[in-house]
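Written below as structure tokens is the structure these notes are about.
No value in this document is a laboratory result; all are computed from the given coordinates. Keep in mind it's a predicted model, so treat the numbers as computed, not measured. Because the Cβ atoms are built from the backbone with ideal geometry, glycine has one as well, and the counts that use them run over all protein chains shown.
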């Protein structure tokens, strides 16, 4: 039987609020999980350069090497699930399979959403397509992943927050801290990186009572453990380590004298 854990972006944090990124550090099962989040409420259907979402994504990508992204531009408009997408891994490729409700949409709303799609938009430079869903959907990975990130548009205007459930036999639930009942057409970036734990699937849900809030999903990035940049101890940690070694050496010298 599966057990579940639920994490919210609070507690032990390293906050880059001025830059629009929030990093949450936890320690479930001895793994450190870092969460990156940035939101722009009135982006005018664009990804503002230097905005909160773009800054959070840059911070997320700076912790990864050799990863790719899915912008949905090469997939036929209107394509639904199941949808297989290939990403480079540290050893061979990784297939991400989207299951559930959704389809490839474009900025004009040509695949079935009509005028409602005007608040959901592509986030890739020069692109026009994205994945759109108004129900839960999941992504299964052919190999375990340690990093998962994406842009999302038009979230939260129907009284809910998007909820991710990452699974590796144990379910870890993460609620995206998007603004509730904010304006339509919002933009956010959300991503997480684990330093040692891995996941074989991610499911999207919603905290709203009805569980419905149509949104756009674009520029997905995944990475395995081999693509996660090793964490370097912070300067404070190194200073404390130096002081500890100095104390040990001092005691050794006194004993020798």
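See the values below:
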quantity: R0 of 30 Å, Cβ-Cβ distance residue 44-residue 229: FRET efficiency to nearest 0.05; calculated: 0.35
quantity: Ascending count of other beta-carbon atoms within 10 Å, so fewest first, for 155, 193; calculated: 193, 155
quantity: Spin-label pair residue 128/residue 173, simplified geometry with 7 Å Cα→Cβ offset, distance in nm; calculated: 4.0 nm
quantity: Fewest-first ranking of 133, 196, using other Cβ atoms within 10 Å as the exposure measure; calculated: 196, 133
quantity: Where labels lie 7 Å past Cα in the beta-carbon direction, separation of residue 75 and residue 58 in nm; calculated: 2.8 nm
quantity: Cα pair count fraction exceeding 19 Å, expressed as % - segment 34-187; calculated: 58 percent
quantity: Whole-angstrom Cα spans of segment 145-188 along principal axes, big to small; calculated: 36, 18, 11
